[in-house]
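Participant: My questions all concern the structure below.
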There are 6 protein chains.
Amino acid sequence: MIRLTRRYRFAASHRLHQPVFSEEENRRIYGKCNNPFGHGHNYVLSVTVAGVPDPVSGRVADPKALDRFIEKNVIRAFDHRNLNIEAEEFAGGGAPPTTECLALAIRDRLLRDWSLAFPEGAPRLDRISLEETPNNKFELRCP
Amino acid sequence: MIRLTRRYRFAASHRLHQPVFSEEENRRIYGKCNNPFGHGHNYVLSVTVAGVPDPVSGRVADPKALDRFIEKNVIRAFDHRNLNIEAEEFAGGGAPPTTECLALAIRDRLLRDWSLAFPEGAPRLDRISLEETPNNKFELRCP
Amino acid sequence: MIRLTRRYRFAASHRLHQPVFSEEENRRIYGKCNNPFGHGHNYVLSVTVAGVPDPVSGRVADPKALDRFIEKNVIRAFDHRNLNIEAEEFAGGGAPPTTECLALAIRDRLLRDWSLAFPEGAPRLDRISLEETPNNKFELRCP
Amino acid sequence: MIRLTRRYRFAASHRLHQPVFSEEENRRIYGKCNNPFGHGHNYVLSVTVAGVPDPVSGRVADPKALDRFIEKNVIRAFDHRNLNIEAEEFAGGGAPPTTECLALAIRDRLLRDWSLAFPEGAPRLDRISLEETPNNKFELRCP
Amino acid sequence: MIRLTRRYRFAASHRLHQPVFSEEENRRIYGKCNNPFGHGHNYVLSVTVAGVPDPVSGRVADPKALDRFIEKNVIRAFDHRNLNIEAEEFAGGGAPPTTECLALAIRDRLLRDWSLAFPEGAPRLDRISLEETPNNKFELRCP
Amino acid sequence: MIRLTRRYRFAASHRLHQPVFSEEENRRIYGKCNNPFGHGHNYVLSVTVAGVPDPVSGRVADPKALDRFIEKNVIRAFDHRNLNIEAEEFAGGGAPPTTECLALAIRDRLLRDWSLAFPEGAPRLDRISLEETPNNKFELRCP
């Protein structure tokens, strides 16, 4: 079993604000991330897949197929977007677009169509990590 | 003469849109950066000062004084902000908050109060660089 | 379950020397790290916590509370310190301040007061890693 | 139990081409990596070992012994080499020198002589990772 | 005047061998880089252009136009290539494909068509740098 | 004219303390760097040389000769050392081992024997930079 990790980047803006909380609670819980007009980040997404290398091709996954899948299902939805307004996961309210919730949204998007893109179960989605800054990273095993 | 470079980071959102241009021109010129609801970046600011080390202290600058100056004059104004709405340089229209214009705004802020903070001309502000992403950097000599 | 990793930095000096060994054994076992007057490193500490994001705030941990806890329990004790003389774990002899032992000391400090700082068990301390140089890293699961 | 990871680098060239496939299949499966005259990479190898620190020396492994072992068994075989022609694992045909197969070859080389170099089972080889580019990494648990 | 630097990457193989030298001289001068079957690198190319930001668009250069120009004139020629055989600058003999000579070849390619791609002299090509490894970099002012 | 930059690393400890100043002045000027028992850093030294590539070898400098020169004249003197006690430039008092003064000491060491190591003036020493941390760097042109 080999794990392949590929890295992708996108830039987006967000504001952390939960209407259920008071203004003061929002400021206390989210700090500067609650600033009213939003701010943004260069996110780094690492996608890890696992599998046994094909004995003939010597490959565990087709990197071009993986890139197309991530581009179509993640990058197109979030890159150069305002997450609060343009991402369907956050536009309707509910949890605010913290990087935790963004990582969960990305995992759900990947799992939703994974078996269509990789029907033979190869490779298997293993885990993702999402960096908001070089010093702040979230990891999530799949599924 | 020694040059000291210190790095600072801030996160902000912006949208590149020039009202003087047509919608189509805006899309052609700014591409994804023209997306209507904005996006954001982790900016990395490098500030370079130059001077002769003091023969007794062995220092070319007081790093704590430099950090306080950058914090007060740059970070506080731009960190976790929407540049189009909250930065005085861009809120009133004129040029859009491209990273070029943001670098120019930072240089002007630094030069405006430099002689108050470092009255003996030591250290001298030499240049700044501003990274929008790891692959896109702007440099500006001062003055 | 999501894992959040935050990175912290501190600079310290140490000398690897075990009085139980002969001078020659010390030199053979620790090499240049046994140089008599000590040397130092920029250490990078990564602290990983695990938990389920709060369904309302969308957060797995309060990053400010985590930073305060690490600052109080680790950074203040080791930053800009001589580990052999100023760190209580090593000042009294015993094992020398190898990065292995320093990582163990950091884990023990974190576990000692964790339940006071995060009484509801959220987040859980999952693992730490400590880099002595970019090419030499130690990882430790907790507890 | 502590895990120590050390990083090593080597530069090599390869061409991905499987004679069993047609020319068209080779181009489709390997893309630019199938270019007829080869290309190359700066590979980054991370070797992770695990063990309990010795209570007297405070060390989980002798880093110099580990470096000598990796130099002798991996770097000497692959650094500044053409993998298709000069690496015994690939010179005879079989699977092409994908980074997956190269990682497997490195693991086999390490396991083959591990117990001679570290006869007391300390440290234990835990996992390796091999980066072909900063955005493409393969991980393999051992054994 | 602002300088914009953008980074590009390509992977190539080469062998340093000068037929004018004896076998022994080749080994002494080029060391492991003279290994007979070649090796390779992940090259990182930084292209710096200089200009005055357009007062209306706020841009010093069109990044998409610059990317297309570098892709067409440099990346297509060298990425996933064997420099000794496939690069017209080195295929005919003469100086071997050292990174110095590769940097000179890139500069000449850029200058040759620059005025066609950027006819109004905006932006001006200022300098390039080419990294062979993270510890070995070549810089060249233009012209 | 091409500039070649090679990077070297060493680990050392120091304490910033100027006996000419009072205890209070030392604490105010040097902050945590004045802590009585010292601390340390992983220093990164970049050495830049300039020259015209040799038309036959295609090289601007012999990288092995440069490495030997830096190893002999800089690394051996400062790596795994206590700068206050073991470096001749600082052991006798005078200016404290700030990174500014360490960079000046390195430049003087390089210039002192440069013409013996590279008698034909090729390559010329152009500049050095010395990083104390990833966010704090000093540059010095030579001579």
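Participant: So, in the stretch B:10-23, how many residues would count as being under 13 Å from residue B:38 (Cα atoms) and either β-branched (Val, Ile, Thr) or in a strand (DSSP E or B) (or both)? Write out each step before concluding.
Facilitator: So in the stretch B:10-23, the residues under 13 Å from residue B:38 (Cα atoms) come out as B:12-17.
Within this subset, residues satisfying the condition of being either β-branched (Val, Ile, Thr) or in a strand (DSSP E or B) (or both) are B:12-14.
Residues flagged as under 13 Å from residue B:38 (Cα atoms) and either β-branched (Val, Ile, Thr) or in a strand (DSSP E or B) (or both) within the stretch B:10-23 amount to 3.
Participant: Still on this model: Taking residue E:65 as the residue in question, decide whether it is within 12 Å of the chain's Cα centre (by Cα) and of a type in the set (Gly, Ala, Ser).
Facilitator: Details: within 12 Å of the chain's Cα centre (by Cα): no; of a type in the set (Gly, Ala, Ser): yes.
Here the answer is no, as residue E:65 does not meet what is asked.
Participant: Further question: Could you list all residues from the stretch F:1-23 that are polar (S, T, N, Q), buried (at least 18 other Cβ atoms within 10 Å of the Cβ) and either more than 22 Å from the chain's Cα centre (by Cα) or more than 14 Å from chain C (Cβ to nearest Cβ) (or both)? I'd like the intermediate steps shown before the answer.
Facilitator: Within the stretch F:1-23, the first condition is being polar (S, T, N, Q), and the residues that meet it are F:5, F:13, F:18, F:22.
Going one step further and asking which of them are buried (at least 18 other Cβ atoms within 10 Å of the Cβ), we end up with F:5, F:13, F:18.
Matches in the stretch F:1-23: F:5, F:18.
Participant: Cβ-Cβ below 7 Å, separation at least six or inter-chain, first residue in the stretch A:52-75 and closer than 15 Å to residue D:21 by Cβ, second surrounded by fewer than 16 Cβ atoms within 10 Å (Cβ to Cβ): which pairs?
Facilitator: That search, which allows pairs on different chains as well, returns A:56/D:20.
Participant: Hey, does the stretch C:29-40 have a residue that's under 24 Å from residue D:62 (Cβ atoms), within 12 Å of chain F (Cβ to nearest Cβ), assigned to a strand (DSSP E or B) and open to solvent by less than 10 Å² (accessible area, probe 1.4 Å)?
Facilitator: Taking the stretch C:29-40 as the starting set, the residues that turn out to be under 24 Å from residue D:62 (Cβ atoms) are C:29-40.
Adding the requirement that they be within 12 Å of chain F (Cβ to nearest Cβ) leaves C:30-40.
Imposing the further condition that a residue be assigned to a strand (DSSP E or B) reduces the set to C:39-40.
Checking the rest, the ones that are also open to solvent by less than 10 Å² (accessible area, probe 1.4 Å) come to C:39-40.
For the stretch C:29-40, residues under 24 Å from residue D:62 (Cβ atoms), within 12 Å of chain F (Cβ to nearest Cβ), assigned to a strand (DSSP E or B) and open to solvent by less than 10 Å² (accessible area, probe 1.4 Å): present.
Participant: Let me ask something additional. Among the residues of the stretch E:43-82, write down those that are among the β-branched types (Val, Ile, Thr) and in contact with a helix residue (DSSP H, G or I) (Cβ under 9 Å, 6 or more places away or on another chain).
Facilitator: Within the stretch E:43-82, the subset among the β-branched types (Val, Ile, Thr) is E:44, E:47-49, E:52, E:56, E:60, E:70, E:74-75.
The answer is E:47, E:49, E:60, E:70, E:74.
Participant: On to the next question. Among the helices (runs of 4 or more DSSP H) lying completely within the stretch F:42-143, list those that include at least 1 residues that are in contact with a Cys (Cβ under 7 Å, 6 or more places away or on another chain), surrounded by fewer than 20 Cβ atoms within 10 Å (Cβ to Cβ) and more than 14 Å from chain C (Cβ to nearest Cβ). Write out each step before concluding.
Facilitator: Details: elements: F:63-70, F:83-86, F:88-91, F:99-117.
Fully inside the stretch F:42-143 and qualifying: F:99-117.
Participant: Let me ask something else about it. Conditions: (1) over 30 Å from residue B:14 (Cβ atoms); (2) aliphatic (A, V, I, L, M); (3) in contact with a Leu (Cβ under 8 Å, 6 or more places away or on another chain). Residue E:125 meets all but one. Number of the miss?
Facilitator: (1)
Participant: While we're looking at this one, here's another question. Looking at (1) in a helix (DSSP H, G or I); (2) open to solvent by 10 Å² or more (accessible area, probe 1.4 Å), which is the one condition that is false for residue B:26?
Facilitator: All conditions are met except number (2).
Participant: For the stretch F:48-72, name all the residues that are polar (S, T, N, Q) and out of contact with any Asp or Glu (no Cβ under 6 Å at 6 or more places or on another chain). Break it down into steps so the answer makes sense when it comes.
Facilitator: Initial filter on the stretch F:48-72 (polar (S, T, N, Q)): F:48, F:57.
Answer for the stretch F:48-72, where residues must be polar (S, T, N, Q) and out of contact with any Asp or Glu (no Cβ under 6 Å at 6 or more places or on another chain): just F:57.
Participant: Count, please, the residues in the stretch A:104-137 that happen to be in contact with a Phe, Trp or Tyr (Cβ under 6 Å, 6 or more places away or on another chain) and touching a residue at least 60 places away in the same chain (Cβ under 8 Å). Outline the logic, then answer.
Facilitator: Initial filter on the stretch A:104-137 (in contact with a Phe, Trp or Tyr (Cβ under 6 Å, 6 or more places away or on another chain)): A:117, A:125, A:130.
From what is left, the residues that are touching a residue at least 60 places away in the same chain (Cβ under 8 Å) are A:125, A:130.
Residues flagged as in contact with a Phe, Trp or Tyr (Cβ under 6 Å, 6 or more places away or on another chain) and touching a residue at least 60 places away in the same chain (Cβ under 8 Å) within the stretch A:104-137 amount to 2.
Participant: Could you tell me which numbered condition residue A:35 fails, if it satisfies all but one of (1) more than 29 Å from residue D:103 (Cβ to Cβ); (2) modelled with pLDDT under 95?
Facilitator: Residue A:35 satisfies all of (1) more than 29 Å from residue D:103 (Cβ to Cβ); (2) modelled with pLDDT under 95 except (2).
Participant: Considering the stretch D:91-103 alone, what residues qualify as being under 14 Å from the mean Cα position of the chain (by Cα) and either more than 14 Å from residue D:43 (Cβ to Cβ) or free of Cβ contacts under 8 Å to residues at least 24 places away in the same chain (or both)? Walk me through how you get there before you give the answer.
Facilitator: First pass over the stretch D:91-103, keeping only residues under 14 Å from the mean Cα position of the chain (by Cα): D:97-103.
Across the stretch D:91-103, the qualifying residue is only D:101.
The values are calculated or read from the model by the stated rules, or taken from the named source; none is laboratory data. These figures come from a predicted structure and were not determined experimentally. Glycine gets a Cβ as well: all are built from the backbone with ideal geometry, and neighbour counts include every protein chain shown. For accessibility, only protein heavy atoms count, side chains too; no ligands or nucleic acids. Shrake-Rupley method; radii C 1.70, N 1.55, O 1.52, S 1.80 Å.
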